[in-house]
1. What's the percent breakdown of Cα-Cα distances in segment 12-428 across 20 Å bins, shortest bin first?
2. So, in nm, how far is label residue 223 from label residue 175 when the simple model puts each one 7 Å beyond its Cα toward the Cβ?
3. Restricting to Cα pairs below 8 Å that are 6+ residues apart, what does the relative contact order work out to for the chain? Please round to a whole percent.
4. Per-residue ellipticity at 222 nm for the chain, helices alone: DSSP H runs ≥ 4 residues times -39500 (n - 2.57), over residue total, nearest 500 deg cm²/dmol?
5. What order, most packed first, do the peptides 73-81, 36-44 have when packing is the mean number of other Cβ atoms within 10 Å of each residue?
6. Looking only at Cα atoms, what is the convex hull volume of segment 282-427 per residue, in Å³?
7. Given an 8 Å cut-off on Cα distances and at least 6 residues of separation, report the relative contact order of segment 87-156 as a percent.
8. Hey, can you rank 167-180, 363-376 by average C-beta count inside 10 Å, highest first?
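Quick note: the coordinates plus some simple rules give every number you see, no bench work behind them. Because the structure is a prediction, the values reported are computed rather than measured. For neighbour counting, all protein chains shown are included, and Cβ atoms are generated from backbone atoms with ideal geometry for every residue, glycine included.
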């Protein structure tokens, strides 16, 4: 069974899905006239300057932090290391490419999430791919919406939100500080229960405090590594660009990274990390207080920029400048080796704190994704039972080593993308129209302000 599921997983996360994900990003990039380039400064400004005047449950900053809580996880540390180890330094270039087009995809997801959101029986905003599939594409596409919601619940409960993250936390604390798995799992379960029982407001409040802290801490750490090995930064970037198209074999018997392997490793890990196109982030984007779908789309877009262009890049360059990428270790151990090369005495503490915070925020972020999917399937009556089950799964996650469950989780995570991408392509015209409407409005506002300024200057 495991062998069969592994084969299926390889197909799901293989070239067809990669091509569809990147292809959708290219389509949206063209239709939006390189919006992720020309409007990125505006998007970054909106993180803190969005008006938050529309209907919704949380402000745009909290929505972004909650989305980042779910996306910035162990993949930024372990996933990048795995990609660079498997595909060589060139994998980082293809990660950048996936993120570039992924920003357009993430923007479209945010626009549609706000455009087609609803208010549920509890008075809370609810949205995401299941709603813009059914209400945007039409009722005849509801089976696709149901498919997405089912896959979303399974991904949250079986893998991305529970088992893999819990295991990451308990394992590294046990190895690094000899903390008993039982005690760590107990404390973790209590903390998660305390946060998610309070719903989105509680999750968003925690995420908006932890995510900026953990991001800044990790960025400072990795930038410090680059400073220590500053003479290797330019050669490292050159190596990334060169090996992206030629493939680079590491010293010491590396298997040999071809261009195709670098491309597949980088794109797959990049998408897996930032989740652009998978349809998870728009679930929380729908709860943002805004009356402009395009505005939240711009804020959502910055999530991919922060996750991959900044955090994943810093991880990848740290592995390359220190030279550890061509060693014998892989995964978290590879990243720890990079940290140790710069900070031999503090590496363990820096990496452990990063992994624990990244994994913990992923747990609470994905709890909300699964909750909204469950609500779509059975209504608000399913919310509290879902939360209790989710807490229970977190509690037992540390003691489960069922590879079959994890492979299934990877499969359904990839399958979430299919109905979402169909909707993004089918509703790309709506995204373009909403974008045009938003920028035309602000164009008129700027004209009026300029006119009033002229009148004031003339003393009228």
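1. In whole percents, the pair-distance histogram is 29, 60, 11, 0.
2. About 2.9 nm separates the two model spin labels.
3. Working: 788 pairs, mean separation 167.0, N = 460.
With pairs under 8 Å counted, the relative contact order is 36 percent.
4. Numbers: 23 runs with 339 residues, N = 460.
Helix contribution divided over all residues of the chain: -24000 deg cm²/dmol.
5. Top of the packing list down: 73-81, 36-44.
6. Values: hull volume 26.4 nm³, N = 146.
Here the figure is 181 Å³ per residue.
7. Numbers: 46 pairs, mean separation 13.2, N = 70.
Relative contact order of segment 87-156: 19 percent.
8. Details: 167-180: 17.1, 363-376: 26.9.
Those peptides, ordered most packed to least, come out 363-376, 167-180.
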